[in-house]
Amino acid sequence: MLGTSVAMVTPAYAISETSVQSFASSMNVAANSQNIGQVSRLIDDNAVISLTRKGNTATLDKNSYLQLLQKSWAGTSDYHYHISVNDVIITGNQARATIITTESWVKAGRKTTLVTHSKATLSEVDGKVLLLRAVSQVTVA
């Protein structure tokens with residue numbers, strides 16, 4: 001009689017909690033250094049980002065989001081960015097998560113702090129975790 005063995009194999013494309021947290025760390029470094037190129041490399045080319053603030057919603061593609069980010073950074077000082085990722089649910093090469101970001105800066109002598117709560121979908125492509133979709137609620141703290 002032949003013996004059989006069963007091995008549990010994790011597919012090479014499977015995203016992990018560690019890679020999701022690594023994405024957050026990379027985004028933190030990129031945003032705090034205001035490096036638009038690094039931020040761009042963390043967002044999928046086909047990403048859709050929906051931002052709602054004070055009842056107004058804007059749905060942005062990657063380029064529009066990056067332009068908004070650069071416009072926000074222009075003329076600011078003392079910029080700080082913090083990201084936390086919670087409630088990660090992994091399915092194959094995608095993860096859904098709650099992402100909370102806090103950004104603060106000084107512009108024209110006035111300090112502003114934004115807190116963004118997002119439901120995000122991240123995808124692992126060629127070993128890199130990228131933001132694929134985000135539905136976000138932005139509030140001024």
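The values are calculated or read from the model by the stated rules, or taken from the named source; none is laboratory data. As the structure is a prediction and not an experimental result, all values here were calculated from the model. No Cβ is skipped: glycine too gets one built from the backbone with ideal geometry, and neighbour counts run over all protein chains shown. The area values use the complete protein model at the heavy-atom level, side chains included, leaving out ligands, DNA and RNA. Shrake-Rupley method; radii C 1.70, N 1.55, O 1.52, S 1.80 Å.
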Find the relative contact order for the chain and round it to a whole percent, using C-alpha pairs within less than 8 Å whose residues are 6+ positions apart. 26
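For a Förster distance of 22 Å, can you work out the FRET efficiency between the beta-carbons of His80 and His117, rounded to the nearest 0.05? Mind showing how you got there, number by number?
Working: r = 18 Å, r/R0 = 0.81.
Computed FRET efficiency for His80 and His117: 0.80.
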Which angle from 0 to 90°, rounded to the nearest 10, does the C-alpha axis of helix 17-32 make with the longest principal axis of the chain? 20
Run lengths n ≥ 4 of DSSP H only: what is the helix-derived mean residue ellipticity at 222 nm for the chain, with -39500 (n - 2.57) per run over all residues, to the nearest 500? -7000 deg cm²/dmol
Quick check for you: with a 1.4 Å probe and neighbouring chains kept, what is the accessible area per residue of the stretch 58-114, in Å²? 58
Mind counting lysine pairs for me in the chain? Cα separation below 22 Å, and the two need to be 8 or more apart along the chain or on different chains. 10
